[in-house]
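Below: one structure, written as structure tokens.
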Amino acid sequence: MSFEKALITGGNGNLGQLVATRLESQGVKVISFDLPGTENAETDARHAVVLGDMRDHDLLRQVFGEHEPQAIFHLASMLSGSSEADPLAAWDVNASASIALMRLALEYQCGPFFFASTLATYGPDLPSPLPEEAEQWPQNIYGVTKVAVERMGLYLKKKQNLDFRCLRFPFVLSPYAPSAALTAFASNAFKAAAKGEQFTFPVAPHTAMSTLFLDDVTRSIVEIAQADAKRLTRPAYNLHGYTVQTSDIVEKLRLRYQTFDCTYEPKEELIDLIGRWPSAMVSESAANDWDWSVKFDFDKTAEAMFALFETS
Ligand SMILES: NC(=O)c1ccc[n+]([C@@H]2O[C@H](COP(=O)([O-])OP(=O)(O)OC[C@H]3O[C@@H](n4cnc5c(N)ncnc54)[C@H](O)[C@@H]3O)[C@@H](O)[C@H]2O)c1
């Protein structure tokens, strides 16, 4: 283990809580940083919690000084929906504050610095499967802010040796999908079906999505942070699990819940984004450089989602 203390920004979020649990199971001490109001009695008891805003640079500096983290897992972010609703705030939180955090990591000599990026950093109408060298020209502000951080991460890695490590995630199927994500509908369909509720898909039946299950996502974050730096040939890796169409989800849900009732009302903003994203990505470098492999295919993902929703 290359680090014993880790700061997780966005530590009370969907991925943050589970990354904290994984690290803690390996004996890593976690400091969680997230907005006031996101407290969680269950996880808070296990680690240090600092409540504040990523834009509060003085507070973050205090966190580095007091807690001396050796690794950073930077997960705090405004998501796609809330970013589009307030693009200026998205720039401040996702881009400026992330760059300031990287500078603090350099100043306090900590690393690895993990950054969670996204398939939304790519533009529309690219080949599928998406080659690893594809250009990134995002059309939404969320993707723009993530590319900005990727570029600065690469710059600081080359010029100042920041141990920057980044993964670009596709759709994440998760029982805890945050509502501010435009891509949360696939996860929400599972929840509605388990509750016996009707569901309206905001995309068409043939919309195909590159997807990963939550468990693989959180494992990938910990694994890349612990990977041997000498083997990493890239600052950022694309991760693809499997391709699933909306109609595949409906079929799977109807096998489990025969009465599942749904309709399709494709929304312009989603057709423009998701409908034109690649539905598969090449992720060979992740397998070669840090032995990444996907454990959850769509069948296993669905089983895990059913189990989680039916017991909660
Ligand atoms: N889940 C996905 O589908 C997905 C896909 C690609 C990338 N990502 C990235 O992974 C990371 C974690 O995503 P998630 O699914 O856990 O989302 P989430 O919304 O559950 O977690 C993000 C956390 O960031 C916190 N946050 C937002 N603004 C903040 C601010 N100004 N100051 C401090 N904290 C702030 C939120 O309170 C939240 O707890 C994000 O960077 C996201 O962009 C997620």
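The values are calculated or read from the model by the stated rules, or taken from the named source; none is laboratory data. For clarity, every value in this text was computed on a predicted model and none was experimentally measured. Every residue, glycine among them, receives a Cβ derived from its backbone with ideal geometry; neighbour counts consider all protein chains shown. The area values use the complete protein model at the heavy-atom level, side chains included, leaving out ligands, DNA and RNA. Shrake-Rupley method; radii C 1.70, N 1.55, O 1.52, S 1.80 Å.
Select from region 188-294 those GluC sites (Glu not before Pro) which occupy a DSSP coil region and have at most 14 other Cβ atoms within 10 Å, ordered by residue number.
Loop-located and lightly packed - GLU197.
Between Rg and the Kirkwood Rh of region 76-210, both from Cα atoms, what is the Rg to Rh ratio?
1.02
Using the heavy atoms of the protein chains and a 1.4 angstrom probe, tell me the accessible area per residue for the chain in square angstrom.
Per residue, the chain has an accessible area of 44 Å².
Taking the 0 to 90 degree range and rounding to the nearest ten, how far is the long axis of helix 185-194 tilted relative to the main principal axis of the chain, both from C-alpha atoms?
Helix 185-194 and the main axis of the chain meet at about 60 degrees.
Counting only trypsin sites (Lys or Arg not before Pro) that sit in a DSSP loop (anything but H, G, I, E, B) with at most 16 other Cβ atoms within 10 Å, what is the longest stretch of the chain containing none of them?
56-194
Specify the angular offset, from 0 to 90 degrees and rounded to the nearest 10, of the alpha carbon long axis of helix 298-311 from the longest principal axis of the alpha carbons in the chain.
Its long axis makes an angle of about 90 degrees.
Accessible area of region 180-312 with a 1.4 Å probe: how many percent of it is carbon plus sulfur?
The computed percentage sits at 49.
If I compute solvent accessible area with a 1.4 Å probe over the protein chains, what percent of it on region 1-49 is carbon and sulfur?
Roughly 52 percent, rounded to a whole number.
Please list, by residue number, every one of the GluC sites (Glu not before Pro) in region 102-189 that is coil in DSSP and has at most 10 other beta-carbon atoms within 10 Å.
Of the GluC sites (Glu not before Pro), the ones in loops of region 102-189 whose Cβ has at most 10 other Cβ atoms within 10 Å are GLU133, GLU135.
Would you mind classifying region 1-137 by shape? Square roots of the alpha carbon gyration tensor eigenvalues, ordered a ≥ b ≥ c; an a/c under 1.5 is rounded, otherwise it is prolate if a/b is larger than b/c and oblate if not.
Verdict is prolate for region 1-137.
Taking Cα pairs under 8 Å and at least six residues apart, what relative contact order does the chain come out at, in percent?
18
Please report, in debye to the nearest 20, how large the charge dipole of the chain is about its Cα centre when each Lys and Arg carries +1 at its beta carbon and each Asp and Glu carries -1 there.
The calculated dipole for the chain is roughly 560 debye.
How tilted is helix 57-67 with respect to the longest principal axis of the chain? Cα atoms for both, answer in degrees (0 to 90, nearest 10).
Helix 57-67 and the main axis of the chain meet at about 70 degrees.
Mind grabbing the accessible area of GLU265 for me, 1.4 Å probe, Å², rounded to tens?
Rounded to the nearest 10, the figure is 120 Å².
Taking every DSSP beta bridge with both residues inside the chain, roughly what % is antiparallel (nearest 5)?
If I count the DSSP bridges inside the chain, around 10 percent turn out antiparallel.
Would you calculate a helix-derived [θ] at 222 nm for the chain, using -39,500 (n - 2.57) for each DSSP H run of n ≥ 4 and dividing by the full residue count, to the nearest 500?
-12000 deg cm²/dmol
Counting other Cβ atoms within 10 Å, which GluC sites (Glu not before Pro) in region 1-97 have at most 16 and lie in a DSSP loop?
GLU4, GLU39
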